[in-house]
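Engineer: Next up is a structure, given as structure tokens.
The values are calculated or read from the model by the stated rules, or taken from the named source; none is laboratory data. Just so it is clear, the model here is predicted, and its values are computed rather than measured. No Cβ is skipped: glycine too gets one built from the backbone with ideal geometry, and neighbour counts run over all protein chains shown.
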């Protein structure tokens, strides 16, 4: 039996990491294809088929043709996720935005529930 030396471990690790990078790239490209709202259904189908039947060439062409806008779509998706998370946290915590709090204070002042001085105190507290 042939022994498996340190160099063989390093080479095997290199190829394994290369395989993981390739899988990550294909998943990133496929998620970008289906995230893009401007790309038609037929365009998504053609890109997907190209990646399935000619993966190396398809990935290279996709990165050249649409790679620059991949970051923009990814950033937009991250921002949308952050906004949804922020809205969920505010809803779960029962907190309101500053604009909503100021609007309620104005309604209370206009309805005569609080005085002008109380409104100013509460407004300063909300804005601080």
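Engineer: Which members of the range 32-66 meet the condition of being loosely packed, with under 14 Cβ neighbours inside 10 Å, assigned to a helix (DSSP H, G or I) and out of contact with any helix residue (DSSP H, G or I) (no Cβ under 7 Å at 6 or more places or on another chain)?
Structural biologist: Across the range 32-66, the qualifying residues are 41, 42, 43, 45, 49, 52, 53, 56, 57, 60, 64, 65.
Engineer: Something else about it: Report, by residue number, each residue of the range 1-24 that is surrounded by 10 or more Cβ atoms within 10 Å (Cβ to Cβ) and either more than 30 Å from residue 63 (Cβ to Cβ) or in contact with a strand residue (DSSP E or B) (Cβ under 8 Å, 6 or more places away or on another chain) (or both).
Structural biologist: 8, 9
Engineer: Continuing with the same structure: Do we find that residue 87 is out of contact with any helix residue (DSSP H, G or I) (no Cβ under 8 Å at 6 or more places or on another chain), at pLDDT 85 or above and outside the structural domain of residue 32 (by TED's automatic domain parsing) in this structure?
Structural biologist: Answer is no for this residue.
Engineer: Only one residue in 25, 54, 20 is over 19 Å from residue 72 (Cα atoms) and under 25 Å from the mean Cα position of the chain (by Cα). Which one?
Structural biologist: None of the other options fit; the residue is 20.
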